[in-house]
Amino acid sequence: LWRETLQLARRARELAPDRTEPVRFLAEIYLITEWYFRSWETWLEYIDLGGELDSSALTQLSIAGKNIGYLSYQQENLDRAELFFGEVYELNPEDTEALMWLGRLNFEQADPEAALPFWEEAVQRDLRSPQAQTAVYFLQRTQSQLIYGVDASNAFYDGFEAYERSNLESALTSFVRAINLNDAYRPALQLAGQVNLEQGNLAQARRFYRQA
């Protein structure tokens, strides 16, 4: 059935190459059948022909582009993923999911300066949990990277996650690594002192607390 529908849609486009209706219909069919790249290209063709980007068109265009972005991310092609999420966001700036992916991709590529405005914009939006929690978490991590450095901040958060799992040895190792990368990292110094205190290493705890 879908094969016949696609054939009819393609034929309609061939018969009326300057009309937007057959192109839009074909883009919609490609999306339904999960041919995301063909759907994306056909939506762009629709735009080039002067087609109206109403709410439905924007939603479908965004779904196609984001799915290409997801696939690129899964294939570890972050540049291509960023390209498609960026194009979706440019065409549909109300798409919060694309916005947050741009923040995440820049964060994962150790570029907190580029990631920051995306996360700042995301937390300003009326998001529902867990989107809101995710946006706040990544904003805090991005700000931390800008203050203390990417590697030091990542080490600190590794330690914090280990600490929450009650893995004190791993937590202390990560906190010390963060301190070695940035000896002014006060939260890392404080938690390194706390871990030593919980382990009964009072002299070491005092040393970290004094440095903090």
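The values are calculated or read from the model by the stated rules, or taken from the named source; none is laboratory data. What you are looking at is a predicted structure, and each value in this text was computed from that prediction instead of being measured. Heads up, the Cβs are rebuilt from the backbone with ideal geometry, glycines too, and the neighbour counts pull from every protein chain shown. Accessible surface areas use protein heavy atoms only, side chains included; no ligands, DNA or RNA. Shrake-Rupley method; radii C 1.70, N 1.55, O 1.52, S 1.80 Å.
Take ASP48, ASP151, ASP95 and sort them by solvent-accessible surface of the protein heavy atoms, 1.4 Å probe, largest at the top.
ASP48, ASP151, ASP95
Convex hull over the Cα atoms of the stretch 51-174, averaged projected area in nm²?
8.8
On full extension of the chain, what length is gained from PHE37 through ARG80, given 0.36 nm per residue of separation minus the C-alpha to C-alpha distance?
Length gained between PHE37 and ARG80: 14.2 nm.
Expressed in whole Å with the largest first, what are the equivalent ellipsoid semi-axes of the chain derived from the C-alpha gyration tensor as the square root of 5 times each eigenvalue?
For the chain, the ellipsoid semi-axes come out as 51, 15, 13 Å.
Can you list, bin by bin at 5 Å, the percent of alpha carbon pairs in the stretch 125-172, starting at 0?
Here the calculated profile for the stretch 125-172 is 5, 21, 19, 19, 19, 12, 3, 1.
How far apart, in nanometres, would the label points at ARG125 and GLU164 be if each is projected 7 angstrom from Cα along the Cα-to-Cβ direction?
Each label point is offset 7 Å from its Cα along the Cβ direction, giving 2.3 nm.
Under 8 Å for C-alpha pairs, at least 6 residues apart: give me the relative contact order for the stretch 34-173, rounded to a whole percent.
13
Label-point separation (nm) for ASP54 and ASP183, each offset 7 Å from Cα along Cα-to-Cβ?
6.7
Over the stretch 148-199, what is the mean sequence separation of C-alpha contacts under 8 Å (at least six apart), divided by residue count, expressed as relative contact order in percent?
Reported relative contact order: 35 percent.
Among SER174, TRP101, ALA115, whose Cα projects farthest towards the positive end of the dipole of the stretch 86-182, with charges put on the beta-carbon of Lys, Arg (+1) and Asp, Glu (-1)?
Value computed over the given set: SER174.
Cα convex hull of the stretch 125-212: how many Å³ per residue?
Expressed per residue, the convex hull around the Cα atoms of the stretch 125-212 is 90 Å³.
Counting only protein heavy atoms, what percent of the accessible surface of the chain is carbon or sulfur at a 1.4 Å probe?
The nonpolar share, carbon plus sulfur, comes to 49 percent.
Order GLU164, GLU28, most accessible first, counting only protein heavy atoms with a 1.4 angstrom probe.
The ranking, largest first, comes out as GLU164, GLU28.
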